[in-house]
There are 4 protein chains.
Amino acid sequence: MEARSDSAEQEEAVKRPSRRTFTEAARRAQIVNAAIEVIADAGYAKGSFARIAREAGLSSTGMISYHFAGKDDLMREVVAEVSRVAEAYVRPRMEERTGARARLRAFIEASVGLAGAYPKHLPAMIDVLAHLRDDDPSRHGLLGTVDSAADVQVERMREAQRSGEFREFDPRVMVTAIRAAIDATVTRAGREPGFDAAAAGRELADLFDHATRSAER
Amino acid sequence: MEARSDSAEQEEAVKRPSRRTFTEAARRAQIVNAAIEVIADAGYAKGSFARIAREAGLSSTGMISYHFAGKDDLMREVVAEVSRVAEAYVRPRMEERTGARARLRAFIEASVGLAGAYPKHLPAMIDVLAHLRDDDPSRHGLLGTVDSAADVQVERMREAQRSGEFREFDPRVMVTAIRAAIDATVTRAGREPGFDAAAAGRELADLFDHATRSAER
Amino acid sequence: MEARSDSAEQEEAVKRPSRRTFTEAARRAQIVNAAIEVIADAGYAKGSFARIAREAGLSSTGMISYHFAGKDDLMREVVAEVSRVAEAYVRPRMEERTGARARLRAFIEASVGLAGAYPKHLPAMIDVLAHLRDDDPSRHGLLGTVDSAADVQVERMREAQRSGEFREFDPRVMVTAIRAAIDATVTRAGREPGFDAAAAGRELADLFDHATRSAER
Amino acid sequence: MEARSDSAEQEEAVKRPSRRTFTEAARRAQIVNAAIEVIADAGYAKGSFARIAREAGLSSTGMISYHFAGKDDLMREVVAEVSRVAEAYVRPRMEERTGARARLRAFIEASVGLAGAYPKHLPAMIDVLAHLRDDDPSRHGLLGTVDSAADVQVERMREAQRSGEFREFDPRVMVTAIRAAIDATVTRAGREPGFDAAAAGRELADLFDHATRSAER
DNA sequence: GATGAATGAGGCTTCATTCAT
DNA sequence: GATGAATGAAGCCTCATTCAT
């Protein structure tokens with residue numbers, strides 16, 4: 001039955017998410033932020049639609065299902081949103097520095113400093129990603145951003161090693177350690193009331209500066 | 001990993017085994033091990049009583065409720081069991097070395113090496129602890145073990161700083177970073193098939209050796 | 001299939017088309033055809049407004065509610081549309097034959113042959129009617145068409161029995177059997193890829209010819 | 001973790017459904033009968049767990065989920081139960097007759113007569129099977145019994161044709177028609193209060209006797 | 001000690017329908 | 001006329017826990 005115009009319309013709806021209404025975009029953002037709030041505060045396990053809906057001031061969980069294809073879709077959006085915010089915060093702070101050492105320091109300090117500006121964002125994302133399993137079908141989509149960011153970092157470290165700025169070490173292990181240390185520190189910052197995130201950021205930066213720089217500094 | 005000070009929790013189970021019959025102890029151990037297996041393989045979220053009971057070869061979940069006061073109780077026992085195993089594995093490997101540097105190295109290598117001997121234990125514990133929240137009533141009991149172990153490590157680092165063996169840094173941040181790096185590496189080891197845990201352990205030990213030692217080494 | 005007496009229902013739609021604008025009529029037809037498509041392909045249970053709207057290339061289900069008083073109304077229209085199409089297909093093929101035997105044969109063959117021309121129509125209607133229950137408020141409106149068509153057939157059979165062309169039997173049972181056999185055959189035709197509907201139509205016609213004709217043929 | 005005894009126990013639970021408790025068997029039967037009742041009375045679409053639970057006098061739908069693996073499992077059991085009852089009713093009535101004609105007649109009369117003894121059973125089964133789609137994963141399991149029964153009938157007809165007892169016709173079309181006619185008649189019997197099922201059974205038997213027997217009877 | 005039946009809350013999702021724009 | 005956001009009921013299912021046996 002008029003399959004031609006049918007598929008034409010579907011194409012638009014499916015392949016162009018930018019065609020979203022203003023209202024829809026606002027609602028999605030509202031729900032994503034409520035999800036970040038809830039997950040950061042109470043953990044992924046408590047991040048039910050019911051609780052997120054309550055946090056967002058919605059009348060029912062059906063509302064969330066209406067705006068998102070499913071829980072995976074919502075979680076994917078949470079990760080995307082946090083990635084976006086983190087990228088926007090960290091990248092410029094890195095780019096105003098030169099040299100691998102200075103840039104690594106900037107990366108770490110900015111990442112931890114993000115906890116001051118958006119205290120809920122990173123903890124929420126960490127919790128979401130921690131719940132992914134290898135067999136999870138949504139794993140690939142969610143980790144795409146994160147993994148490729150890690151790959152970039154690994155590559156940068158290799159260059160700094162070739163230039164002699166960094167000592168010899170396994171860059172993958174180092175990147176894993178840095179990411180883990182940042183995440184743990186940010187999580188602590190979110191939970192311990194008087195935690196001095198800026199100071200901890202500087203400490204972490206020192207730590208990995210010592211860990212990476214070559215002997216003849 | 002330092003089980004010395006988690007005595008309050010373990011007292012009943014360890015120091016007064018006469019309070020429980022042999023059969024009961026065996027059943028509890030069987031269930032705890034099944035829980036470790038399931039949580040390591042499928043994640044905390046999938047660690048329902050139903051699945052643990054199946055893994056343990058039990059015919060119903062009632063059995064678990066019968067032997068444990070509740071899910072919190074079981075999880076507490078999982079953490080305690082992993083702590084016990086880790087302690088037994090790591091401590092002797094540390095004690096045969098002398099000096100803060102060598103001991104830190106031994107601690108890190110042994111912790112990562114544990115993943116070879118008991119691949120499911122640490123990942124399971126990490127998953128359980130990641131699910132604790134501040135408002136969780138079982139938080140205190142569960143974190144007692146872990147937190148006090150961290151306190152001990154912090155204190156040791158302070159001593160090594162006083163003796164000049166370690167440079168000046170915030171020991172809490174360092175301990176957090178070390179713990180996080182170990183956990184992340186162990187988790188990777190559990191998921192990536194060809195991962196060389198021993199090599200990664202040495203890398204991590206190098207990393208934190210560079211990060212902690214004083215300049216005039 | 002005899003639409004002659006379903007006038008009450010169709011009066012508005014057919015005899016007073018001026019009551020609806022052209023656009024409205026087109027939209028309704030578009031939706032009804034989408035509904036037929038969906039129900040034939042996926043079954044009544046999957047025939048939700050959402051799916052029908054997607055099939056029709058509409059952007060929301062509100063459109064359907066706007067044009068139809070409710071789901072019952074849409075389903076009634078599906079039945080009416082299929083009845084209309086079937087009537088237009090079957091009636092002329094019957095009328096060019098004479099005698100009860102030839103006409104019965106024409107009716108059966110045409111009904112099954114309809115599956116070639118409109119493969120989705122009859123299956124959709126069968127599915128819709130199968131979902132009606134005695135207590136269903138929309139039952140009367142929907143079955144009016146079909147039941148009265150059956151009444152006409154029963155009456156014709158009685159005549160053929162009086163004229164000696166058909167043997168003695170209960171015409172209601174016979175009509176029920178014929179209808180059921182046609183429906184089952186058409187349904188099979190819609191599902192089994194290589195099914196030869198024309199051959200099956202001839203077989204069915206033979207079957208009921210043997211079943212109805214008087215002994216002294 | 002004791003994988004040997006584990007798998008041993010699971011084997012029993014999974015591969016030996018006969019190991020079911022008496023209580024469990026009773027509950028399953030109770031639920032299946034409630035499902036038959038509801039589906040026959042209100043249709044497949046209204047056969048929700050909630051309604052079936054109410055009919056069975058259960059406190060919640062969780063009860064049904066506890067005893068059945070899912071809705072598919074329950075529906076499969078409904079079909080199996082009706083098949084069992086129908087087989088037990090029809091087969092002996094067929095076997096006391098000899099000759100293809102007499103047996104066909106016995107089959108039809110017994111099938112329709114079943115509506116007197118178990119008025120809800122066949123209608124419920126028909127409704128369940130009508131809702132299966134080709135892509136339904138449970139389709140194969142459910143249709144196994146029914147399809148193979150049809151195959152047996154087809155084979156018997158071929159034999160009767162070879163022996164000259166039946167005329168030449170396409171046995172598959174005939175079997176489809178007989179099944180459809182029986183189902184439609186039984187459905188009518190369940191809905192029309194004063195319907196004389198026995199008489200209709202005799203009529204149907206006559207109908208298909210005329211339709212199948214060879215000319216030189 | 002052990003079993004497994006029962007419970008009721010809560011999970012996510014789909015649905016038909018309404019209504020402001 | 002048309003849109004799509006919003007609603008709230010109902011759907012199936014899983015869960016931890018309790019209790020009679």
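The values are calculated or read from the model by the stated rules, or taken from the named source; none is laboratory data. Keep in mind the model is a prediction, meaning the values are calculated, not measured. For neighbour counting, all protein chains shown are included, and Cβ atoms are generated from backbone atoms with ideal geometry for every residue, glycine included. These accessible areas exclude ligands, DNA and RNA; they are computed on the full protein's heavy atoms, side chains included. Shrake-Rupley method; radii C 1.70, N 1.55, O 1.52, S 1.80 Å.
Each label point was placed 7 Å from the Cα along the Cα-to-Cβ direction; for B:GLU24 and C:ALA199 their separation is 7.6 nm. Taking all protein chains as they are arranged and a probe of 1.4 Å, the heavy atoms of C:ILE126 leave approximately 40 Å² accessible to solvent.
Checked against a 28 Å cut-off, the cross-linked pairs C:LYS46/D:LYS71; A:LYS46/C:LYS71; A:LYS71/C:LYS120; A:LYS71/D:LYS71 give Cα-Cα distances beyond that limit for A:LYS46/C:LYS71; A:LYS71/C:LYS120. Compared with the dominant principal axis of the Cα atoms in chain D, helix D:121-130 is inclined by about 80°. Working from label points 7 Å from Cα in the Cα-to-Cβ sense, the D:LYS46 to A:ARG84 distance is 4.8 nm. Of the peptides B:111-117, B:41-47, the ranking by mean beta-carbon count within 10 Å, highest at the top, reads B:111-117, B:41-47. Backbone amide hydrogens, once placed in the peptide plane, bring D:ARG213 within less than 5 Å of D:ARG167, excluding anything fewer than 5 places away on its chain. Shape of region D:109-151 from the C-alpha gyration tensor: oblate (a/c of 1.5 or more and a/b not above b/c, with a ≥ b ≥ c the square roots of its eigenvalues). Between A:SER59 and B:ARG97, the distance separating the two model label sites (each 7 Å from Cα on the Cα→Cβ line) works out to 6.4 nm.
In percent, rounded to a whole number, the relative contact order of region D:142-207 is 20, using alpha-carbon pairs under 8 Å and six or more apart.
When C:GLU155 is represented by a point 7 angstrom out along its Cα-to-C-beta vector, the spacings to that point in the other copies are 4.9, 8.3, 10.4 nm, nearest first.
Based on protein heavy atoms only, the protein assembly as shown ends up with 49 Å² per residue of surface accessible to a 1.4 Å probe.
Per-residue shielding of B:184-191, expressed as the average number of other chain Cβ atoms within 10 Å of the residue Cβ, stands at 3. For the pair C:ARG191 and C:LYS71, a Förster radius of 30 Å applied to the C-beta separation gives a FRET efficiency near 0.75, rounded to the nearest 0.05. Per residue, the protein assembly as shown reaches -24000 deg cm²/dmol at 222 nm when only DSSP H runs of four or more residues are counted, each adding -39500 (n - 2.57). Residues whose amide H comes within less than 5 Å of that of A:HIS131, counting only those at least five positions distant or on another chain, are absent (H built at 1.01 Å from N in the peptide plane).
Across chain A, C-alpha contacts under 8 Å between residues 6 or more apart give a mean separation that, scaled by the residue count, equals a relative contact order of 22 percent.
Rolling a 1.4 Å probe over the protein chains gives B:ASP147 an accessible area of about 80 Å². With axes computed from alpha carbons, what is the tilt in degrees of helix A:171-191 against the longest principal axis of chain A, rounded to the nearest 10 within 0 to 90? Orientation of helix A:171-191: about 70 degrees from the principal axis. Overall, the accessible surface of the protein assembly as shown at a probe of 1.4 angstrom is composed of carbon and sulfur to the extent of 49 percent.
Roughly what angle does helix A:71-95 make with the longest principal axis of chain A, taking Cα atoms, 0 to 90 degrees, to the nearest 10? Roughly 40 degrees, rounded to the nearest 10.
Compute the Cα gyration tensor for region A:83-175, then decide on rounded, prolate or oblate, letting a ≥ b ≥ c be the square roots of its eigenvalues: rounded whenever a/c is under 1.5, prolate when a/b is larger than b/c in the other cases, and oblate in all that remain. The shape class here is oblate.
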